[in-house]
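S.K.: Submitted below is the structure of interest, expressed as structure tokens.
Taken together, the values in this text are just the output of simple stated rules run on the coordinates, not laboratory data. Because the structure is predicted, anything quoted here is derived from the model rather than measured. Reconstructed Cβ throughout: ideal geometry from the backbone, glycine too, with neighbour counts over all protein chains shown.
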Amino acid sequence: MIKKQAIDFSSSGSIKLQDAYFRYGNSILFENINFDLSYGKISCLLGVSGIGKSTLLRLFAGLVSPMAPTKIFGVTEPPAYMGQNDLLLPWLNVLQNTLLGPRLRRKKQDITRALELLKMVGLSEHVDKKPRHLSGGMRQRVAIARTLIEDSPLVLLDEPFASIDSLNRHKLQTLIAKVLSKKTVLLVTHDPLEALRLGHRIFIMEGIPAKIRELKITLGDNIPRNTSRADVLLAQADLLKSLAPDNNQ
Amino acid sequence: MMLLRVIISLIVMVIIWQCITWLTDTPHYILPSPLRVISSLWVNHLLLLEHLSITVLEICLGLVFGTVFGFISALSLMWSSTIRRWLLPLLVISQAIPVFAIAPLLVLWLGYGVTSKVAMATLIIYFPVAATLYDGLRRTNIGWLELAKTMGASPFSVLLHIRLPAAMPAMSSGLRVAAAVAPIGAVVGEWVGASSGLGYLMLHANGRMETDLMFAALFTLAVISLFIYFTIDFILRRAITWQPDSLLTDFEELK
């Protein structure tokens, strides 16, 4: 999966990306990026589209090969990955889609656990349905259950709610905060409010080539945060201003 | 409704045909009247059934072999770039040669029996199946493949659980084409040289000016071709439900 020479599996401590470097052709997407994820916390990576945040996440997922001198530490087993699209297989029903990982690895499929997870995401009634009979929000819930059954300590979420309407997005954020409370999560998003709502830590990726800086927040660790709080809204305004400085509002 | 329309237009055509034979007084060995054809169907039904069974056997065996070979070719094309480099140009070139042109050769090599006709049908069915399945296998959603990769799936597992099912709608289009052209392969084979089969019967009847029998054989062939096509279409629709026909299903749900 992941290039062994670039990842030190034995290393304990936090999950870390060191001297990350990536280019497409001749243009450098990012360089000298040092970045770490706290155990059991949600780290949000915020940035505009095309800045390279997905590529960074895909480095952790083993979907792009690390370029020298990039080093990744602390990823002890393959992370669970969830993308922008639900990627449900149309020929499998909800339960079978949830159990896709074990099915592909030809391991025992723990149906009891899958049903538990589906109950947790509120889909107990729909386990036999095919994806085309589900709404976008429901499909994304199946994707969440499928991610959770992987039972990996590291969960990578690449703009998981980008294609969901705002009402459903809010519900799904609450759900994610609940079901991922014990996991180490990297959530990539372009939505400042989503980052403020879900992130224990918030990182901002900006510039060409891109750099990462951590946003100092003093909003407390009670996730999901209430987005009607004055301090959260104020932080959102600051964040918008710093992300798009030309936009004087 | 559709069936009714088909039946009405068929009846109208038959009436026009009957009128033409009455009005022009065409000799029956040039254009037999529908009534003559129907009576020939009735009188010769045992003969027709006997030859039909041979042709159906050829078509079915051709479908099975063509599909199996097409399947194997598509898989090996996908699996190995070496095979792709060597086999793909051959495959394309082979399609430049009309199957009808090599029919006499096949009869020469494989004899007048069923084998040469099965080979013809196989050749004609092979290409649409191989081409569409290969195309389907190449066009798997990248997102699914990446997801499978993060889940630690082996290449075989990805093929079995993702690539193949994802390619099924594409391959079913190929199989439908194959089902439609399979009778051509069998009948052309029979025309070139055979001692049985509907194609042979048609040629034989034509030679003896038994035009009514020829029409009866033609009618039988058309019916069985339609039957094979719609059976395969029905099975495919039932088996592959994940790409619904947006022209039929969705529209009917909208109404």
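S.K.: In chain A, which helices (entire DSSP H runs) extend 27 Å or more along their own long axis, judged by Cα positions, while averaging at least 1.0 on the Kyte-Doolittle scale?
M.R.: Both cut-offs are met by no helix.
S.K.: May I ask you to compute the full-extension gain from B:Leu46 to B:Ala96, defined as 0.36 nm times their residue separation minus their alpha-carbon distance, rounded to one decimal in nm?
M.R.: 14.0 nm
S.K.: Roughly how crowded by other chains is peptide A:129-135, in terms of the mean Cβ count from those chains within 10 Å of each of its Cβ atoms? The partial results should precede the final answer.
M.R.: Details: counts 0, 2, 1, 4, 0, 0, 0.
For this peptide, the per-residue mean of nearby foreign Cβ atoms is 1.
S.K.: Using the Kyte-Doolittle scale, which helices in chain B average at least 1.6 and also have C-alpha atoms spread 20 Å or more along the helix axis, with helices defined as whole DSSP H runs?
M.R.: TM-like helix candidates: B:2-24, B:45-79.
S.K.: Can you give me the convex hull volume of the Cα atoms of chain A, divided per residue and expressed in Å³?
M.R.: Measuring per residue, one finds 141 Å³ for the Cα hull of chain A.
S.K.: Just order A:207-218, A:179-190, B:29-40, A:39-50 by mean Cβ neighbour count inside 10 Å, highest at the front, would you?
M.R.: Final packing ranking: A:179-190, A:39-50, B:29-40, A:207-218.
S.K.: With labels modelled as points extended 7 Å from the Cα through the Cβ direction, what inter-label distance (nm, one decimal) is found for A:Lys171 paired with A:Lys107?
M.R.: 3.1 nm
S.K.: Let me ask something else. In nm, give the distance between the simple-model label positions of A:Ile208 and B:Ser9, each being 7 Å from the Cα along the Cα-to-Cβ direction.
M.R.: Label at A:Ile208, label at B:Ser9, 5.9 nm between them.
S.K.: Mean-square fluctuation check for chain A, GNM, Cα pairs under 10 Å: which of A:Arg113, A:Arg141, A:Arg225 is largest?
M.R.: Looking only at A:Arg113, A:Arg141, A:Arg225, the biggest GNM fluctuation is shown by A:Arg113.
S.K.: Given the Cα atoms of the protein assembly as shown, and with Rh set as the inverse mean 1/r over their pairs in the Kirkwood sense, what is Rg to Rh to two decimals?
M.R.: 1.16
S.K.: If you don't mind, there's one more thing I want to ask. Taking amide H positions as placed in the peptide plane 1.01 Å from N, state which residues far from A:Ile202 in sequence (5 or more) or on other chains have amide H under 5 Å from it.
M.R.: For A:Ile202, the qualifying residues are A:Cys44, A:Leu215.
S.K.: Based on DSSP H runs of at least 4 residues, each adding -39500 (n - 2.57), what is the mean residue ellipticity at 222 nm of the protein assembly as shown after dividing by all its residues, to the nearest 500 deg cm²/dmol?
M.R.: -18000 deg cm²/dmol
S.K.: Residue by residue through A:80-90, how many Cβ atoms from other chains fall within 10 Å of the Cβ on average?
M.R.: Whole-number average of other-chain Cβ neighbours for A:80-90 is 4.
S.K.: For a label point 7 Å from the Cα of B:Thr115 along Cα→C-beta, name the residues of segment B:44-86 whose backbone N is under 14 Å from it.
M.R.: none
S.K.: At a Cα cut-off below 16 Å, give the aspartates and glutamates reachable from A:Lys183, other chains included and same-chain residues fewer than 8 away excluded.
M.R.: Once the sequence-local aspartates and glutamates are set aside, what remains near A:Lys183 is A:Asp36, A:Glu77, A:Glu150, A:Asp151, A:Asp158, A:Asp221.
S.K.: Between A:Leu115 and A:Ala230, what's the calculated FRET efficiency when r is the beta-carbon distance and R0 is 45 Å? Round to 0.05.
M.R.: Values: r = 42 Å, r/R0 = 0.93.
It comes out at approximately 0.60.
S.K.: Mean projection of the alpha-carbon convex hull of segment B:24-88 over all orientations, in nm²?
M.R.: 7.9 nm²
S.K.: In vacuum, with every alpha carbon of segment B:34-240 counted as one equal point scatterer, what does the Debye formula give for log10 I(q)/I(0) at q = 0.11, 0.16 Å⁻¹? Two decimals, please.
M.R.: Taken in order of the listed q values, log10 I(q)/I(0) reads -0.60, -1.02.
S.K.: If you don't mind, there's one more thing I want to ask. Note the full-extension length gain between B:Thr24 and B:Arg238 as 0.36 nm times their separation in residues minus their Cα-Cα distance, in nm to one decimal.
M.R.: Value of the extension gain: 72.2 nm.
S.K.: I've got another one for you. Which residue, B:Val92, B:Leu123, B:Trp79, has the largest displacement toward the positive end of the dipole of segment B:34-240 when charges sit on each Cβ (Lys, Arg +1; Asp, Glu -1)?
M.R.: B:Trp79
S.K.: Now for a separate question. Treating only the Cβ atoms of Lys and Arg (+1) and Asp and Glu (-1) as charged, compute the dipole magnitude of the protein assembly as shown about its Cα centre; round to the nearest 20 debye. Could the numbers behind the result be given before it?
M.R.: Working: 48 positive and 36 negative charges, 315 e Å.
Magnitude of the dipole: close to 1520 debye.
S.K.: All other residues with a Cβ under 14 Å from the Cβ of B:Met171 taken together, and with Lys, Arg as +1 and Asp, Glu as -1, what is their net charge?
M.R.: Values: positive: B:Arg138, B:Arg139, B:Arg163, B:Arg176, B:Arg237; negative: B:Asp135, B:Asp233.
Once positives and negatives cancel, what remains is +3.
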